[in-house]
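Down below is the structure, laid out as structure tokens.
The values are calculated or read from the model by the stated rules, or taken from the named source; none is laboratory data. All of these numbers come straight from a predicted model, not from anything done at the bench. FYI the Cβ positions are ideal-geometry reconstructions off the backbone, even for glycines, and counts take in every protein chain you see. To get the accessible areas, we keep the full protein, side chains included, count just its heavy atoms, and leave off ligands, DNA and RNA. Shrake-Rupley method; radii C 1.70, N 1.55, O 1.52, S 1.80 Å.
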Amino acid sequence: MNGPHDMGGMHNMGPIPIEADEPVFHSEWEAKVFAMSFATFGNYFPVDETRHASERMPPAQYLSASYYERWLYALELLITEHQLVTQAEIEERMAQLAQDR
Amino acid sequence: MPSNYPGFKHGADREAVSAARVKALESLLIEKGIITGNTVDSVLGHFETKMGPFNGAKLVARAWVDPDFKQLLLADCNAACEQMDFPAGMSGAEGEHMRIAENTPEVHNVIVCTLCSCYPWPTLGLPPYWFKDPTFRARVAREPRVVLSEFGVELDDSVEIRVWDTSAQIRWWVLPMRPAGTENMSEAELAALLTPEAMMGVAQVSV
């Protein structure tokens, strides 16, 4: 599929952000989204489905999302499609956690 | 060239929104028994101690000192892994079909996943952020010599550059050239010279 993820050769991308002494993850949520994906793919859906799920992001969102924002989107999409969790449960839990804060 | 005009910006709460979603997902997945409270630590620990560039470094160092092993590594990377004292699962997630491309005085290899971030986890661990960045994914396919120069790799014009699109089918990595002046080094000393960048093709090995 010729989607926004097919980036090889795209023009006008600018300089590559090379970081010195880069941490493996920039934040705790990024580490967690990776770990939760790693723990679910293979057990509940194949790893290739995870990549495909991020490619199913609407193109404009795909291009403006960060790497782990795409992983988070893919994780949510797959755990809801595979009925491990419902979207309503996610929204409800977010509201609850925001209130507890 | 694109403009620098800052007319469009993500909201200042962008990070907080993702953090809150992740917190909700984590709490739901634990509650449903899909993950446990230890899952995050155990996955991260796996990449710190079992799957990382320390494995790739051992393979390359052995290939530098043992020509038969080098032939095996080039012909069948996964079979070469099996000869090492590596943890189980080296041919598992993201390591099912790994291949290594050999740098020579005439040919320099570099890897990219233009579609996302396929990478040989068992030998190199998790890729750096720039590897997953659209700028690298797009540009190294079009102008590898310029990109390599931005990483500090200046190649003579006579050196052919081969760009390998590492993918879900084959996960590529690079066998760097052994630097001069390392003739008396042990395998362990050689392994210590290797960096993930050298095994991706965006750095040379130096002593």
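Going by average Cβ neighbours within 10 Å, how do the peptides B:185-195, A:34-44 rank, with the highest at the top?
A:34-44, B:185-195
Using helices alone, what [θ] at 222 nm do you get for chain A, with -39,500 (n - 2.57) per DSSP H run of 4 or more residues, divided over all residues and rounded to the nearest 500?
Per the formula, -17500 deg cm²/dmol.
Please give every one of the aspartates and glutamates within straight-line cross-link reach of B:Lys32, meaning a C-alpha to C-alpha distance under 12 Å, and leave out same-chain neighbours fewer than 8 residues apart.
Counting by Cα, and skipping residues close in sequence, B:Lys32 has these aspartates and glutamates nearby: A:Glu89.
So if the hydrodynamic radius of chain A is defined as the Kirkwood radius over C-alpha pairs, what does Stokes-Einstein give as its diffusion coefficient at 10 °C and 1.306 mPa s, in µm² per second?
Translational D for this selection: 102 µm²/s.
Debye sum, Cα scatterers, chain B, no solvent: what log₁₀ I/I(0) at q = 0.10, 0.11, 0.13 1/Å?
With one equal scatterer per Cα and no solvent, log10 I(q)/I(0) is -0.53, -0.62, -0.82.
Quote the accessible area belonging to B:Arg99 in square angstrom, nearest 10, computed with a 1.4 Å probe and with ligands, DNA and RNA left uncounted.
Approximately 110 Å² of B:Arg99 is accessible to the 1.4 Å probe.
Could you work out the helix-only [θ] at 222 nm for chain B, with each DSSP H run of four or more residues adding -39,500 (n - 2.57) and the total divided by the number of residues, to the nearest 500 deg cm²/dmol?
Only helices count here, giving -12000 deg cm²/dmol.
For B:Asp165, B:Asp85, write out the residues from largest to smallest accessible area, computed with a 1.4 angstrom probe and no ligands counted.
B:Asp85, B:Asp165
Quick one: the Cα spread of the range B:1-123 along its three principal axes, in angstroms, biggest first?
That gives 55, 50, 19 Å along the principal axes, largest extent first.
For B:Glu106 and B:Tyr5 in one chain, what is 0.36 nm times their gap in residues minus the Cα-Cα distance, to one decimal in nm?
That pair, B:Glu106 and B:Tyr5, stretches by 32.0 nm at full extension.
Where Rh is the Kirkwood radius over the Cα pairs of the protein assembly as shown, the temperature 37 °C and the viscosity 0.692 mPa s, what D in µm²/s does Stokes-Einstein return?
Result for D is 157 µm²/s.
Sequence gap at least 6, Cα distance under 8 Å: using those rules, report the relative contact order of chain B to the nearest whole percent.
For chain B, the relative contact order is 23 percent.
Hey, what's the range A:47-101 come to in accessible area per residue, 1.4 Å probe, Å²?
Per residue, the range A:47-101 has an accessible area of 54 Å².
If all Cα-Cα distances of the range B:104-207 are sorted into 5 Å bins from 0 onward, what percent lands in each bin, rounded to whole numbers?
Final binned percentages: 2, 13, 23, 24, 18, 12, 5, 2, 0.
Please flag any cysteine in chain B that has no other cysteine's Cβ under 4.7 angstrom from its own Cβ.
So far as the 4.7 Å Cβ criterion goes, B:Cys77, B:Cys81, B:Cys116 stand without a partner in chain B.
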